[in-house]
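Data first, discussion second: the structure below is written as structure tokens.
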Amino acid sequence: MGRLLDFLDDRLGIVSAWRTSMSGKRPPAGIGFLRTLGFAALTVCALQFLSGIALAFHYVPTAGLAYDSIRAFEQEVPGGAFVRSLHHFGASFFVVLAVVHLARVFFTGAYKAPREFTWLTGIGLLGIVLGFGFTGYLLPWDQKAYFATNVGTEIAGRTPLLGDALRTVLNGGDEVGPPTLTRFYVIHVVLLPIALLGLLAVHLMLIQRHGVAAPGRPVGDEGSPGLPYFPHHTLKEAIVGAATAGVLFLAAATFHAPLEALAEPSDAGYEPRPDWYFLAAFQLLKWFKGPFESLGTFWLPNLFVLALALVPFVDRTPERHWRKRKLATSLGIATIVFVATLTILGALDAPDNQRVLRHPLGCTETEKLGYLALRRARCLECHELEYAGTRYGTEDHDAPRFDELLAERYAFSTFDAVLRDPEGELGTEDMPAFDYLPDVERAAIWAFLRKLVPEKQ
């Protein structure tokens, strides 16, 4: 074994690297569990990569198949629903841990010399994590994905000078559509992982170079060396990493990742809301309207990021302890309270979107066309439909239920005649005529309803 290790060390430098970074490293005394938050975030990052790879094996990044490929992965692949929930909730865990880790560095003054660039790379990593969240929630191609992304690209379009070009690049055209899905998929699974791994490597290299800042001590005083990094601090990291993974596994096993109905751009009544970590920015969008819109969508968020980046260069006092940095500590707390308040206000202003019927897996192209035509014609605003134990539509009208109509007596010729001229066939003025629908769409609606409600024997 000794000869093998000597051989590997001579060729690859593995043993020397281990001694330098782990067994021979002695961080300052007093390092506690708060210094394991970065490793907890790294644990979630690894789980995101693994669950993302599993999803990528089954996902089809086209507008016609993306939604059904997600549903098929959940329903037909063993453990698929758990893996997707793991990836979904892992995104929130990743954001929370990255933000808390950044806050810990701020309040302990660990961004000060000589660790300014470690701080800057940390901010860059948080931006990439948020980029994963933004590009990821379009991929299921459901209602929330479509309309929230539409809001996001519209915000990008408010960028001074470059707004129109940036929105066009993101959308792949004038509006969110199939090219947008392809571009977001490439960004999500290719560009952002490359950026994350590259910046993470620089971040870890800087940590290895400058070490961990001595807690509570001023700049230049690194304190006395504590216990060796391995196995003492690595044990703490292992405990926190295992606990983080355990809580994430429990959340994925207990709760199901949400998936709304298939995206339908013509559904003008849908009120979009982004995931919780973008609610603060969404709330700003609601506050700043008209000529002040760019202030809330571009200037304030970017000035905030710029202020974060300048913190190590503006705060030149030697003190690191939060009690001796009253101004910085007060500003940090005020920022947290402000962002948390915006997030809570955005969460309280939740939309009341009605449950929308989802088409079953295995629909033919004709049946799927009928499903989309049924939604565009807004048939369930007047009629009810009970399917798979769930009732869709409204009870406010006297119109008969679809499942009762179809199961009892309607043939296609009668159904088609009613759609063309409901007043002549039913003697009612309450139902509008759908004679404007192409023949193929009326036939497709019938085929889809027959799929949901087989004829009663």
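What follows is calculated from the coordinates using simple rules that are stated; it is not laboratory data. Since the model is a prediction, treat every value here as computed from it, not as a measurement. Heads up, the Cβs are rebuilt from the backbone with ideal geometry, glycines too, and the neighbour counts pull from every protein chain shown.
Listed values, structure above:
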quantity: Estimated inter-spin distance, L303 and A238, nm [label 7 Å along Cα→Cβ]; calculated: 4.9
quantity: Estimated vicinal HN-Hα couplings, Hz - the stretch 137-150 in sequence order (Karplus 6.51, -1.76, 1.60; Gly, Pro = x); calculated: 7, 7, 4, x, 6, 9, 4, 4, 4, 5, 6, 5, 5, 4
quantity: Cα-projected label distance for S16 with E423, points at 7 Å along beta-carbon direction, nm; calculated: 9.1
quantity: Sorted by Cβ neighbour density within 10 Å, fewest at the top, the residues T297, T343; calculated: T343, T297
quantity: Gain on full stretching of the segment that runs from S330 to A165 - 0.36 nm per residue minus C-alpha separation; calculated: 55.5 nm
quantity: Per-residue HN-Hα couplings for the stretch 100-117 [Karplus 6.51, -1.76, 1.60; θ = phi - 60°; Hz; x = Gly/Pro]; calculated: 5, 4, 5, 5, 4, 4, 5, 6, 8, x, 6, 8, 6, 3, x, 10, 4, 6
quantity: Expected 222 nm ellipticity per residue - DSSP helices of 4 or more, -39500 (n - 2.57), all of the chain, to 500; calculated: -18500 deg cm²/dmol
quantity: Fraction in percent of alpha-carbon pairs per bin - 20 Å, the chain; calculated: 20, 45, 25, 9, 1
quantity: Proxy reagent accessibility, fewest Cβ within 10 Å first, across I194, I445; calculated: I194, I445
quantity: Peptides ranked, highest mean first, by Cβ atoms within 10 Å: ranges 275-281, 356-362; calculated: 275-281, 356-362
quantity: Sorted by Cβ density within 10 Å, fewest first, the residues S92, S16, S413; calculated: S413, S16, S92
quantity: Simple label model, 7 Å out from Cα along Cβ direction - A433 to F313, nm; calculated: 7.0
quantity: For D142, residues with placed amide H under 5 Å, excluding near neighbours; calculated: A263
quantity: Two-decimal log10 I(q)/I(0) for the stretch 225-300, as the Debye equation yields it once each C-alpha is a single scatterer, q = 0.12, 0.18 Å⁻¹; calculated: -0.71, -0.90
